[in-house]
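Student: I'd like to ask some things about the structure below.
The values are calculated or read from the model by the stated rules, or taken from the named source; none is laboratory data. Source: prediction; values computed, not measured. Note: ideal-geometry Cβ built from the backbone for every residue, glycine included; neighbour counts use all protein chains shown. Side chains included, ligands, DNA and RNA excluded: accessible areas come from the protein's heavy atoms. Shrake-Rupley method; radii C 1.70, N 1.55, O 1.52, S 1.80 Å.
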Amino acid sequence: MAAARNQAAKGPSERPIVAGIVRQHAEQAAFLWAQRDTLMLADPPDLAAVSGVDRRLETNLDGLRIAGPAAWPFVAAAYEDFPEKGELFLYAWMAIEQSDGRRLAEAIELGRQSQDDARGLIGALAWHKPRAIAAEVRNWIGAPDAFKRFLGVSACLGHAVDPKEILSRLVRDPDARVRAVSLRLAGQLRRTDLANELRTALEDGQEQPRFWAAWALTELGSGDLAGAELRRVAVSGGPDAITALRAAIKAAPEKDARAWMGGLLKSPETAPLAVRGAGMLGDRTVLHWLIHQMRTPAFAPAAGAALLELFPEAREAEGLFTLDPTELGQAFEDRFGDFAVKVPVAANVKAWSDSRFPGPRSGAP
């Protein structure tokens, strides 16, 4: 990659370009995709903000399309300088865009070495249209290399493409990561023909396949079989906790879901999960109860997320959230310190609520 940097300094010969502008397109594209990915991980994601980032990202990718192969030194230099998910996205996206098999092979190896399950590489596969990656995915999905199988089925997941009979084999793959994403795809596609395989996967020795089997069964309408696993993952506090919480609520009759959350409220460790779950029930009458929870530092982030799920229009209201929790008093300062955590301002949310939704108040969900 050092050679690529030197060539970038001299200027590529394939097509006349303005080096500074192409470098900026490369750096901005990597940054914007990483920003987009982070925004999508938020609870709940701000889809309007994501859409705005998408437009800016596509503009920068267009600049790289125009530059063509001459952009490669800048793409390679970006990854060399900062080998993170956005730069891997850019490297893989450019390889696919240019139909450059050698560079795509390099991107695969970079993804294999990554510590985040190759998010940038998988993001590039999702960004391109299916026809641009179809030949590669067909090769990967049946490859002896487990990582390539993982990439192939992840690409299918990103585009909601059904690999047909191959999926029945992939949900039983020897590799746990392949099994997990394949089970997730089976649920996304509502593959009822794989219900037996999903039930069997509830006994998988690895947590990720078990969880996605439970999630998939819920998508197939068999949440009664999956509730115990979903609730276990929800209370574990891991990265899938919120997804598991949503699925657990969907899997159970509303009365049972409310009873379960009532039990969660009794423990300081699980009470924030119950506050967050209140926003997943679709019951707007809990707004005043949520405002009350916002006054407790431990519950405030969950209550804010529940507010945004129930009332998406609250994103546009000024002053309902702060990135400086210390403004809210000593208890918040003790809880969050100097961390820039986005929390709701209970007094402002109450004023907003009273002006827009006058009426009776509700108790706990």
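Student: Just to be sure I understand the model, the point goes 7 Å from the Cα along the line to the Cβ. What's the resulting Q35 to A351 distance in nm?
Tutor: Spacing of the two 7 Å Cα→Cβ label points: 3.0 nm.
Student: Leaving ligands, DNA and RNA out of it, report the carbon-plus-sulfur percent of the accessible area of the chain at a 1.4 Å probe.
Tutor: 52 percent
Student: Would you work out the charge dipole size for the chain about its Cα centre, treating the Cβ of every Lys and Arg as +1 and the Cβ of every Asp and Glu as -1, and quote it to the nearest 20 debye?
Tutor: 640 debye
Student: On to the next question. Which of V18, P144, P239 sits farthest toward the positive end of the charge dipole of the chain, with +1 on the Cβ of Lys and Arg and -1 on the Cβ of Asp and Glu?
Tutor: Going by the charge dipole, the pick is P144.
Student: From the residues T285, L121, W215, which one has its Cα farthest along the dipole of the chain in the positive direction, the dipole being from +1 and -1 charges on Cβ of Lys/Arg and Asp/Glu about the Cα centre?
Tutor: With unit charges placed on the Cβ atoms, the residue in question is W215.
Student: Could I ask something else about it? Could you report the range 201-330's accessible area per residue, 1.4 Å probe, as an integer in Å²?
Tutor: Roughly 43 Å² per residue, with all protein chains present.
Student: With +1 on the Cβ of every Lys and Arg and -1 on the Cβ of every Asp and Glu, and nothing else charged, how large is the dipole of the range 197-251 about its Cα centre, in debye rounded to the nearest 20?
Tutor: Value, rounded to 20: 220 debye.
Student: Using the Cα centre as the reference, give the magnitude of the dipole from point charges on the C-beta atoms of the range 86-145 (Lys, Arg: +1; Asp, Glu: -1; all else neutral), rounded to the nearest 20 debye.
Tutor: Using only the charged Cβ atoms, the result is roughly 240 debye.
Student: Return the distance in nm (one decimal) between the two label points of a simple spin-label model at A160 and I66, each offset 7 Å from Cα along Cα→Cβ.
Tutor: 3.4 nm
Student: Same structure, new question: Expressed as a whole number of Å, what is the distance separating the alpha-carbon centroids of the range 44-63 and the range 158-229?
Tutor: 31 Å
Student: What list of ³J(HN,Hα) couplings, whole Hz, do you get for the range 131-144 from phi and the Karplus terms 6.51, -1.76, 1.60, once you set θ to phi - 60° and write x for glycine and proline?
Tutor: Here the 3J(HN,Hα) series is 5, 6, 10, 4, 5, 5, 4, 4, 6, 5, 5, x, 6, x Hz.
Student: For Cα pairs less than 8 Å apart in space and 6+ apart in sequence, what is the mean separation divided by the residue count of the range 247-299, i.e. the relative contact order in percent?
Tutor: Relative contact order comes out at 30 percent.
Student: Just to confirm a number: summing +1 for Lys and Arg and -1 for Asp and Glu over residues other than D224 whose beta-carbon lies under 15 angstrom from that of D224, what do you get?
Tutor: Net local charge, D224 excluded: 0.
Student: Calculate the spin-label point distance for F82 paired with D334, positioning each point 7 Å from the Cα along the beta-carbon direction, and give it in nanometres.
Tutor: Rounded to a tenth, the inter-label distance reads 3.9 nm.
Student: May I ask you to derive the FRET efficiency for A298 and A126 from their Cβ-Cβ distance with R0 = 35 Å, giving the value to the nearest 0.05?
Tutor: It comes to 0.45.
Student: Once you have the Cα-Cα distance between E109 and L323, take 0.36 nm times their residue separation minus that, and quote the gain in nm to one decimal.
Tutor: Answer, rounded to one decimal: 73.2 nm.
Student: How large are Rg and Dmax for the range 203-326 when only the alpha carbon atoms are used, in Å?
Tutor: When restricted to Cα atoms, the range 203-326 yields Rg and Dmax of 15.2, 48 Å.
Student: How large is ³J(HN,Hα) for each residue in the range 264-276, as worked out from phi by the Karplus curve 6.51 cos²θ - 1.76 cosθ + 1.60 (θ = phi - 60°), to whole Hz, x for Gly and Pro?
Tutor: 4, 5, 7, 10, x, 6, 10, 4, x, 5, 5, 4, 5
Student: Got the relative contact order for the range 153-280 handy, in percent, Cα pairs under 8 Å and 6 or more residues apart?
Tutor: Values: 174 pairs, mean separation 20.5, N = 128.
With pairs under 8 Å counted, the relative contact order is 16 percent.
Student: Same structure again: If you add up the charges near A257, with Lys and Arg at +1 and Asp and Glu at -1, over every other residue whose beta carbon is less than 14 angstrom from its beta carbon, what do you get?
Tutor: That sum, taken over residues with Cβ under 14 Å, equals +2.
Student: For the chain, calculate the relative contact order in percent as a whole number, restricting contacts to Cα pairs under 8 Å that are 6 or more residues apart.
Tutor: 8 percent
Student: Hey, could you get me the Stokes-Einstein D for the range 94-214, Kirkwood radius over alpha-carbon pairs, 37 °C and 0.692 mPa s, rounded to whole µm² s⁻¹?
Tutor: Working: Rh = 14.5 Å.
Approximately 227 µm²/s, per Stokes-Einstein.
Student: Follow-up question, since we're still on this one. Please name which of F311, M294, S267 has its Cα lying farthest along the dipole of the range 219-365 towards the positive end, using unit charges on Cβ (Lys, Arg +1; Asp, Glu -1) and the Cα centre as origin.
Tutor: So the residue we want is S267.
Student: For K148, list the lysines whose Cα falls under 25 Å from its own Cα; do not include residues on the same chain fewer than 8 positions away.
Tutor: Straight-line reach from K148, under 25 Å: K85, K129, K164.
Student: Something else now. Taking H as built 1.01 Å from N, whose amide H comes closer than 5 Å to the amide H of T322, not counting residues under 5 places away?
Tutor: V343, V345
Student: Would you mind classifying the range 243-316 by shape? Square roots of the alpha carbon gyration tensor eigenvalues, ordered a ≥ b ≥ c; an a/c under 1.5 is rounded, otherwise it is prolate if a/b is larger than b/c and oblate if not. Present the calculation step by step, with values, prior to reporting the outcome.
Tutor: Numbers: a/c = 1.82, a/b = 1.21, b/c = 1.50.
It comes out oblate by the Cα gyration axes.
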